[in-house]
Structures are given as C-alpha cells and as structure tokens.
Ligand SMILES: Nc1ncnc2c1ncn2[C@@H]1O[C@H](COP(=O)(O)OP(=O)(O)OP(=O)(O)O)[C@@H](O)[C@H]1O
Ligand SMILES: [Mg+2]
C-alpha cells in the first residue's frame, strides 16, 4: 500500500508542488523568525561580551526607579564621588575610576537636525582617555569644558569633523562645543551596535548628563594581580554594603544582552503569530488540494476498495501522502528559513551597526519546522482522507460524477462555530475571560474565521453569480463566471483562504481608522490650543525642548496661554508608571477640558498632585490621601492628592506640580500647547514660535490639524507593518487560487478542448480562466472585508471605554483591497490560463 | 458519382500524409490520401480500427496538421493558417459532433447549441434555430442541463449545435458510437434529413454498416489509404466491401508492413 501511495504521488507531483509550497512558506516564516532572533540575540551576546571584555568589575548604584524595558528609559543612579576612594581602599582593587554614562546626549548634525537613533542609546560620557575599547582616530580627547569628542560613526553620520562647532542637547538645552577628537573602538570598529557616544570632560559630563557635579554613575574597577573577578565582586559587595550593584564584566554583558533578549523574544512572538496566520491559510490550500485530488481519484480509490483495501488503508494512504509532503516541505521550508533568517539578521545587523554572529540553526527551529510542517499538512488532509475512505467500491463502475452534496450540515456547523467564536470574542473583549483576554480574543478571531469559512460555500453560489455578472458581457466572461460557481466548496475554500489575510488587514484598518477619528475628534473637541509643540519619537527617549521657549512664547503678541507637559517614569505608592507635570495646571486644565470629579484641579502647590478618575478608582485613591512618590532622580517625598479629574482618552495619570520636574529623568517638556487670543490667526504666530525653537531641533510647532495628522500617521505605520507581516499569508492565499485554477483546468481539459474545437480562441480561453480567478479573488476579498469590518467593529465597540467611540470604516482602503484582489486574480490566472490556452484539442477530445 | 466542379467540393484532401512520432515509434497514419467531399452530400468514412479515419477527419477539420499534402475547406487552404485562423475557421465554417463529451455541463441545452454563435458574437437566425430545434425534437428540453438528458438527447443537442451555425461542413466522429440502435436511428435520420432538406454537407466516421447506409457515399480507408468507395450504400453492400477489405488487408499485410519501416518517400 505504501509503495502504491508513493508511486501514485510521483505521478501527481506537479499538483503537490503548490500545496507543498504553502507549507514551505509557512515553515520558512516560522524557522526564519526563530533563526533571525537567535542570530540577533547571539550577536548581542557577542557585542556585549566584547564591550565588557576588558572590564573586571563595575560598581553601580541602585536605580531610583526600576523601569520595565517596554515602558521607557531607566535613569541611571548616581553615586557620590567619594565612592571611588571607598572602592579603591578595598583590598584586591588595583585601580578604581569613576565614570559617567547616561542616555540623552543628542548631537545636532551639520544639517541642523538632531542625529536620530532608532533604539540604541545616545550616551553622554566622561572622557576617560584611550585604552580599553577606545581608540582615538583623529584629534584628541576633550580637556576643556567647551570641548567634546564623539565616536567616528556618529561623526560621519552627523557630517562633522574635528574643529567644528557642535551643538549638543543634554539635560540642558542646546550648548555648543568644539569637536576636538573622534574615536573608534578596538578591532577597527567605528561604532558599537549603533550606540552614539559624546565624551565630555568629567565635570561637564556630570553636570549635563546627571544634573549635578561630583557624582558618578559607575566605578570601573581593575583587579589586582591574582584576584579573581568573582572574588573581587564579593569583596566589594561586602565592603560597600547595600544600595550598590557590583557585577563582573561577564555579568554586565549577560545583563545587558538579557535586556535586549527579552525584547527580541517579544518580537519573535509577534513574528510567530503572523507565521501562524500564514500556516492557518496554508491549511485551506492543502485541504483544497487534497479534496480535489480525492475527487479526481474517486475511481482509482473505488477500484482499490473493490480489490480489497480497507477503509483504514485508504485513510492511511492519504495521510502517508500528507506526512511525506509535510516532511519534504518542512525540510525545504527550514532550509529557506535559514537563508531568510540569516539574510534578515544581516540586514538588521547592518541597520543597527551590529556585527552579526555566525549562522547557527537552533534546535527549536528544526523541531518546530518539522512539527508544524507535518501537523499542518496532516490536519488539512484529515477531512479529505475521511472522504476518500467513504468512496464506495461501486463508484469504480460509475461515471465519475461531481456530487452536489447538500450544504446543510456544513452550514449548521458553520453557524455554530461562528457563534462560538463570537462568544469567545465577546468574553475576551468585555474582559470576562478570567485574565486570558488576549487569548480569548485571538482564539475567538480564529474560531470566527473557521466558522465563516464553513459558511462560505453556502453564500458562494449567489455571491459569486452576482459578482460574475460584472464580467458576463462576453462569452468567456460568462463561462468563467459559471465555472467559478460550479463547485461552491472549492471556490469557498479558496476564497476563504484569502479572506483570512484580508479580514485581518481590514479589521486592523477599521480599528485604527476608528481610533484615528475618535481620538482626532476628541483632540479637536477637547484640545483648546491652536499650536502644538512636539516631535517624533524614534527611540525610547521622547524628544524634548528648552522650557524657556514656553515663557518666551507666552510673551509673544497674540498668545493667550502656554502650557508645557513633562513626563517621567516614577514610583507612586509602590507602583511604577508614567507621571506627568504641567507648567501650569490651570492652563492644562483649560486646554484639555479637564473636569474635577472631586477636590480641585485648578492649582497645584509643591507636594500636591491630582490623578484621573480611573487610576483613582483602580488603586483606591481619594482626595486627601498622601502618597509616597519616587521620581527618577532625587529623594522620595510624599504628595497629597488634592483632586481627581475625569479620565480622558487623551489625558490621564498622575499630574505633579512644575517643581517636581527638576527630578524628572528628562527635566524638559516634551510637549507644548499654545492658546492664542481670540481672533489671532495661527499662521501668524506659528513662525515666531518656530523661531524660538531654533535651538530645539527635536521638536517643531504645528497647528492642531497637522498635529492630529502627525499622531495618526503613527497609526498608519502600524497598519503598514501589519500589512507587510500579513503579506505572506495573502501570498499563500494567492498560491491557493493558482492551485485551484490549475487543478480545475486539468480537470476540465476535455471541456476546454471542446470549446477550442468549436471556435474559442486562445485569448478568449485565457480570458475565461482569468474571469474565474478574478471572481474567486474578489469574492475572497469581499468576505475578508466584511468579516474584517465585523471583527473590527466588535473590537471598536469594546474599546468604547478607551475613548474609541466612533466606528469609522476606511472605505477607500477597503475598496482598494477589492480592486487589488481583482488584480491579484488576474496575476494568479496567468499560468493556469496559459496552460488552458495550450490545451491540445485532439488530446482533449480523445476518449480514454 | 457525378462529375464535380471545384465549387461542388466542400472539403478536399490532396496527397495527404500524416506521420506520428519518429524513429522506432514512427506511425504513418495516412499515406497519400486524395479525397473530395461533395457539397450537399452525406459522406461516410469507414475502415478497420487504426486505419486512419479519425486522423483524416481531424486533418480535414483543421484540428490537426498534416505532415505533407494539402487540405482545403471550400477555397481556403488550411496549411499556413495559424491557430487564430484555424480557430476562426472552426468557429465559422465547420461543425463538430464527437462520440461523447460534446456538451459543457454548466450550460443548458439551448446555451450549448448557441455556444459557437455566442463565441463568434453572432445573433442566431431565429427561423433556422427553430427549424433545427424542431428537427432534433428538443423543443421541450432546451432549458435542461446535459446531466438531465439521455445519451441520445445529448447527441441530438450536439447535432443541433453543429448545424445551427450553417457550417460548410459538419464532421462527426462516430456520433452514434455510444448510442443504442433506436437513438442511433434518430440521430442519423436527423443528419440525413439536414443534408437532403437543407443542403448541409456532412462527413461522418463510423464503424457501423447500418449507420453508413444513411450516407450518400462511403469512402473506405485501409491502412492510411483510400481503398474503395461506394455510392448510395446499403448496409449489405457496405458489409460486403468490409469483408472483402479484411481479407485483402490480411493478404497484403506482409507487403504493407514492409513499407511501414521505410521513410515517407
Ligand atoms: N497521437 C498519436 N500518436 C501516435 N500515433 C497515433 C496518434 N493518433 C493516432 N495514431 C495512430 O495512427 C493510426 C490511425 O489512427 P486513427 O485514430 O486515425 O484510427 P481510426 O481509424 O480512427 O481507428 P478507430 O476506428 O479505432 O477509431 C493508428 O495506428 C494510431 O495508433
Ligand atoms: Mg477513430
């Protein structure tokens, strides 16, 4: 039986290639993601191992506020200068040197713009001379307060060379320095992982990066000969007592890359999620291929049954076929994944100036490739296998008919599945899934897709025939329409595969568009400021600007009020989270339309704070409470809650008085709001504010519309990302269309031959196939748009509390998907159409 | 057989050779066939299995190309017509009836009959359509799909389709091969009446002497050559010739087999 199966597979190898390809692509996505993240994570390991290779032991202070990787930036703790002597006195220490290292040194390039970073920090450090990693390339190290040296990669990115005057933004607003040197790193590297380095003299580094002189962020310790790093670490820990982190170079390297690795793991999970979607779509394709093959082989199967094969053997033979395809495809997919993963890692490495680690294939990639590949194929082949086993032996003697089985059972199952999916979705969205909301939503969406797919055959005939009318003006068009309606199950599965991808894109589109209009509308209604100062955040650190600008803007003619907002990660009452501060609470209140729920939200004296109603409720905070607050810098202090304001989607959280900003991680405002006097045109004041911002190139001033536009454009890039990640799923669906058409063309060789015999030209034959493809593709996209809009609307409904109150359908976007689907259909039809046009009339009409 | 002027010929094969394959596997299906098919006549082609009947018909109908020689339909030389030309020729000037699988399953009988006209974008001639439908006796079956029709009805639909375009020649390859004698008689009777009443030209390949008896003339093929012919045949005369041919071919088998191996002249 096994041999018979394999021989028969060889005969149908072409038909298996396309369904195999779906698995190959899905597995490629899975193993590619795993290899990409594995390579990157090993690259980071290597990077940090190199960075800390010369480090014996370092001493750091405990950060005031421990900030989670995804929430924002952690401000390094400072230690008083005498720590260096205390460390040096510990036996076993050969030398101890104080160091400054903090994020936020932003160099203004020769084009007047801040050199951006897409993740790596922009470190301001004290110049510790050459040695260790550092190698001077040009000039010398800074020795006067107005001198700096920067790394060679930064210098070339910024278009700067030794002797230039360079503006640098730090905790302080712009200051100009003379660039006296550029430096690289050992092994001839210009950069370490894209980190930007600006080296100042000690006092300047302390003042500008830490906010006070006489403090260090680290003490670099060299061990005396014969003292092991671990020994020294333990001795130092014992000698210094609590409040310090003492780590060896190896530990520092491990900690540094562990932080990035957790980010990578998150990224990896996202990629795997999308790979899952692609594989899910692949299931449809394989299911269809196997179904069609089983249908075409009805006689062969019946004959096998007639000569004595058992049902079990038939199921077995189909499943063996599936396993073989799964294994081969998984192997190919793994190989392709290794290639793609390595390529992407190299690209990402190049983008992040990260030397990529050598290629390695982690066991997880191999195991998941084969598990996923075989599982997906076998699951997809299960139904067709069962159907094959039900072919009665007598079918061998009958004319092979395409039985038009009733769709009742399928539709009932579909309705039930859809209802179950809807219920899961509802539980997840309303937060009643016992803490598993995300899984409930994702599972619900998945189950909804299956339900919709099961219902698709039912609606396929009417909808396809309706869609087909668009093309019925010509005979080929009419024939194509009729063909696409001939086998509702086949058309439905093919279309459903496309539905999944399109529905996800459309659903996300609906959510984002609704978010855009809702928030935009809210901002427009609520925000009572004509001009807004803000910048685009590209890394963990938000852009900020000189607070003086606010005062000077307030003095401009035509300006009514000005307010600035500051943000920090702080620990309030034992919980770390975002807090903000306004220059003037009354102004903030007016501009955002805050209303007091209790207490007052008009003024804040030092030591007072207000909080939004939601946080207050969640955490049981009431007016009059006294809360301990630890900001990024400074000592902990107690604040009294003087007011609770009503939560707004665009404004929430703890609001502290302006005095608190001195101890914020970034003691500069990241947003400014300018309200003009009645009748002053915005475009009259805008250039004047822009002029004030000349030395704060991270931000710019825009009017309200442009600001809302700017904010929404960030949502657009989210959509683009998702579209790119779903492209593979959609590609697989397109393969499915090609596959279905190719199999149908094969199946209808005789009909096509007949049509050619009675005078259908080649071009017309191709048109007939193309119409069929377009109808299926547009049908799939239409389903996707409808299902996606439904899912999107459900999510939007559930997000009403979060301020997404208006449901907006992105009509042009949705229409574009339909048009694109039509084009995709045309493309998908090319090969099958050529094949159909080449049908040899004589072979086609020759009876077997 | 009456003398035929050029305009009395619907289709002609002059010294037609057809060779399949090459080398060892070479098969010479037609070896120098000369035949003229009279306009307005019902011609049957007969011969033993493998004698080249289907091949000759496919070549005459422009479905297959010849290795050597000339085919013409009316005044049109088929050699040199590209795929587009042949497609147009088949669509506008030739009709087909195959042994089976003549109809598209998703179209109704009416749509199947009108298919060549719709492909050509021509309007059916109402009167002629009704005449054809009446003659084939399908008036009440027009909205049925092929799966709802019997084998004989399906072949009659195929006949109607072949005739509705008023083609210059209708080619039928064993149109009754799959039918019982009653259905065969219906189909053949219909074909003959379309010749005699409407002046249609029909060429039919058949194995059945009774079917050949419906024709005006029978051409006999033996091993790729015209070996005999008969005008106004009856089942008996046809059967006689076929018996004679069988023995003749058996006698000549050795000689012919010898010439098989050689190149085509
Ligand atoms: N495509 C082909 N390739 C090779 N040889 C062929 C091909 N088609 C036909 N032949 C050969 O050409 C010869 C004539 O075949 P043809 O089909 O014309 O015979 P026929 O008279 O129609 O026979 P039957 O009565 O069995 O239909 C046969 O020997 C056949 O094997
Ligand atoms: Mg034949």
Residue that is surrounded by the fewest Cβ atoms within 10 Å (Cβ to Cβ), among those in the stretch A:679-703 that are under 34 Å from the mean Cα position of the chain (by Cα) and over 17 Å from residue A:169 (Cα atoms): A:690
Residues being away from chain A (no Cβ under 11 Å) and either within 16 Å of ligand 1 (Cβ to nearest atom) or within 14 Å of the chain's Cα centre (by Cα) (or both) - total across the stretch B:158-169: 4
Residue count for the stretch A:293-319, restricted to those that are farther than 19 Å from residue A:747 by Cβ, part of a loop (DSSP other than H, G, I, E, B) and in contact (Cβ under 8 Å) with a residue 60 or more places away in the chain: 1
Residue check for residue A:410: away from chain B (no Cβ under 14 Å), in a helix (DSSP H, G or I) and at pLDDT 85 or above: no
Test: residue in the stretch A:516-539 that is more than 14 Å from chain B (Cβ to nearest Cβ) and within 30 Å of residue A:279 (Cα to Cα): no
Yes/no for residue B:211 being within 14 Å of chain A (Cβ to nearest Cβ), at pLDDT 85 or above, within 16 Å of ligand 1 (Cβ to nearest atom) and not in a loop (DSSP other than H, G, I, E, B): no
Unique match (being out of contact with any helix residue (DSSP H, G or I) (no Cβ under 7 Å at 6 or more places or on another chain), within 14 Å of another protein chain (Cβ to nearest Cβ) and within 30 Å of residue B:116 (Cα to Cα)) among A:470, A:466, A:482: A:482
Search result, residues across the stretch B:170-208 that are within 16 Å of ligand 2 (Cβ to nearest atom) and either within 14 Å of chain A (Cβ to nearest Cβ) or out of contact with any helix residue (DSSP H, G or I) (no Cβ under 6 Å at 6 or more places or on another chain) (or both): B:171, B:172, B:173, B:174, B:175, B:177, B:178, B:203, B:204, B:205, B:207, B:208
Selection within the stretch B:115-157 - touching a residue at least 24 places away in the same chain (Cβ under 8 Å) and within 10 Å of chain A (Cβ to nearest Cβ): B:115, B:116, B:117, B:119, B:120, B:147
Looking only at the stretch B:53-74, and only at residues there that are more than 16 Å from the chain's Cα centre (by Cα) and in contact (Cβ under 8 Å) with a residue 60 or more places away in the chain, the one that is nearest to ligand 2 (Cβ to nearest atom): B:67
Residue A:798 farther than 14 Å from residue A:502 by Cα and more than 24 Å from the chain's Cα centre (by Cα): no
Unique match (being assigned to a helix (DSSP H, G or I) and touching a strand residue (DSSP E or B) at 6+ places or on another chain (Cβ under 6 Å)) among A:17, A:24, A:87: A:87
Where residue A:269 falls short, out of the listed (1) closer than 30 Å to residue A:329 by Cβ; (2) in contact (Cβ under 8 Å) with a residue 12 or more places away in the chain: (2)
Test: residue B:69 is away from ligand 1 (no atom under 15 Å from the Cβ) and crowded, with 23+ Cβ neighbours inside 10 Å: no
Test result for residue A:329, touching a residue at least 24 places away in the same chain (Cβ under 8 Å), under 19 Å from residue A:728 (Cα atoms) and assigned to a helix (DSSP H, G or I): yes
Tabulated pairs, the stretch A:752-767, first at positive phi and at the interface with another protein chain (Cβ under 7 Å from one of its Cβ atoms), second outside any helix (DSSP H, G or I) and surrounded by 24 or more Cβ atoms within 10 Å (Cβ to Cβ), C-beta under 9 angstrom, 6+ apart or interchain: A:759/B:94; A:759/B:165
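The values are calculated or read from the model by the stated rules, or taken from the named source; none is laboratory data. Computed from a predicted model, the values in this text were never measured in an experiment. Ideal geometry is used to build each Cβ from the backbone, glycine not excepted, and the neighbour counts take in all protein chains shown.
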